[in-house]
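Only one structure is covered here, and it is reproduced in the block below.
Read-outs throughout are calculated quantities, based only on the coordinates presented, and are distinct from any laboratory measurement. Everything quoted here is computed from the prediction, not taken from an experiment. Using ideal geometry, Cβ is built from the backbone for each residue, glycine included, and neighbour counts are taken over all protein chains shown.
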Amino acid sequence: MPAALITGSSRGIGRAIAHRFAHDGYDIVLNYHTNETAAEAAVKLVESTGSTAIAVGADVGDPAAAAHLVERGVEAFGGLDHVVNNAGIDQHVYTESLSPEDFDRVMDVNVNGVFNVTKAALSTLEASEDDPSVTNISSILAHTGAPIECHYAASKGALLSLTRSHAADFAPEVRVNAVAPGHIETDMTADRSPAEAEAARAKIPMDRFGRPAEIADAVAYLRDATFVTGETLNVNGGELMG
Ligand SMILES: NC(=O)c1ccc[n+]([C@@H]2O[C@H](COP(=O)([O-])OP(=O)(O)OC[C@H]3O[C@@H](n4cnc5c(N)ncnc54)[C@H](OP(=O)(O)O)[C@@H]3O)[C@@H](O)[C@H]2O)c1
């Protein structure tokens with residue numbers, strides 16, 4: 001059975017991607033940072049499809065932890081065929097109040113984490129015979145920028161450049177693409193006030209927020225799209241059109 005590593009897959013979009021890949025016949029390396037209970041529930045969700053899963057606690061921003069995460073996956077499944085760099089953190093702070101440490105932490109997880117995991121996984125991906133791929137989860141804010149979360153938007157913009165650079169570096173053996181979600185209903189967006197949620201929804205032609213499974217559909221498409229590399233798939237209910 002081919003195997004996929006999905007970072008930040010104890011909750012939200014990452015868990016939906018893990019569920020989709022498991023449904024499609026992949027064994028899964030789940031990853032979490034601190035929430036072991038949620039990761040154990042995600043293992044059960046994956047196993048309900050008939051696939052096998054392991055959950056590995058690792059901060060992707062730490063190069064040694066990222067390497068350990070990949071090693072655990074290779075040990076468990078004999079190799080990795082696909083990596084989805086989904087783990088990410090957000091923080092709402094105006095620039096005047098934003099500390100250099102907080103700026104760096106968001107960059108560490110959202111950008112360095114992708115570099116760390118991808119670098120560690122490259123040799124096992126290159127050995128795969130399942131048309132291996134890396135998919136990075138960026139954001140609509142990579143294109144638009146955003147008030148009160150400049151470091152988050154900058155990290156997601158950097159991820160698009162990293163995606164194209166890695167696509168060029170790793171071709172033709174490993175394809176590298178990005179998905180840039182709009183507003184998706186997860187814990188990350190759950191702290192909005194009703195007024196903020198209404199203002200955000202009003203900008204979306206599809207008149208609703210996205211669902212994690214709709215991002216998983218886009219990632220599954222890129223996994224299987226054997227002539228697509230270096231691309232960004234925007235999944236945002238039409239928000240970028242406006
Ligand atoms: N939700 C949206 O509207 C939206 C829009 C655009 C892009 N995105 C992006 O989509 C991705 C997933 O977002 P989400 O909304 O599903 O987030 P979420 O519900 O907050 O879940 C975040 C996941 O990442 C894990 N994580 C956090 N820091 C980590 C670290 N340092 N190392 C490893 N894992 C870590 C968390 O693990 P624990 O459970 O252990 O905390 C959790 O599994 C992120 O990259 C986010 O930026 C989200």
Practice item. Sum up the charges of everything whose Cβ sits under 11 Å from the Cβ of E214, counting Lys and Arg as +1 and Asp and Glu as -1, but leave E214 out. Key: +1
Check your understanding: In the Gaussian network model of the chain, springs joining C-alpha atoms below 10 Å, which of R208, R223, R15 carries the largest mean-square fluctuation?
Key -> R208
Check your understanding: Of A195, V46, S155, which is farthest on the positive side of the dipole of the chain, counting Cα position, with +1 on Lys and Arg Cβ, -1 on Asp and Glu Cβ, and the Cα centre as origin?
Key -> A195
Check your understanding: Picking from T37, T52, T163, which is most flexible by a Gaussian network model of the chain using Cα springs under 10 Å?
Key -> T37
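To two decimal places, what compactness ratio does the chain give when its Cα radius of gyration is scaled by 2.2 N^0.38 Å?
Relative to the 2.2 N^0.38 Å estimate, the chain comes out at 0.95.
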Check your understanding: Where the centre of each part is set by its Cα atoms, how far does the range 180-242 sit from the range 161-177, in angstrom?
Key -> 23 Å
Study note, to complete from the structure: Counting only DSSP beta bridges fully inside the chain, the antiparallel percentage to nearest 5 is 0 percent
Check your understanding: Cβ under 14 Å from L122's Cβ, L122 left aside: what net charge do those residues give with Lys, Arg +1 and Asp, Glu -1?
Key -> -3
Review point. The range 125-158 to the range 1-80: how many Å between their Cα centroids?
Key: 19 Å
Practice item. Compare T189, T118, T49 in a GNM of the chain, Cα atoms joined below 10 Å, and give the one with the largest fluctuation. Key: T189
Exercise for review: May I ask for the angle, rounded to the nearest 10°, between helix 63-77 and the longest principal axis of the chain, with both axes built from Cα atoms and the value confined to 0 to 90°?
Suggested key: 50 degrees
**Study point:** In degrees, nearest ten, helix 113-126 long axis to first principal axis of the chain (Cα)
**Key:** 30 degrees
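Let's see if you can work this out: charge +1 on each Lys and Arg Cβ, -1 on each Asp and Glu Cβ, no other charges. What is the dipole magnitude of the range 132-242 about its Cα centre, in debye to the nearest 20?
The dipole of the range 132-242 has a size of about 160 debye.
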Review point. Lysines near K156 by alpha-carbon distance under 27 Å, same-chain residues fewer than 8 away left out - which ones?
Key: K119, K203
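To the nearest 20 Debye, how big is the dipole of the range 3-234 about its Cα centre, given +1 on the beta carbon of each Lys and Arg and -1 on that of each Asp and Glu?
Charge dipole, the range 3-234, about its Cα centre: 440 debye, nearest 20.
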Practice item. Could you work out the local net charge near H166, counting Lys and Arg as +1, Asp and Glu as -1, over the other residues with Cβ closer than 13 Å to its Cβ? Key: -1
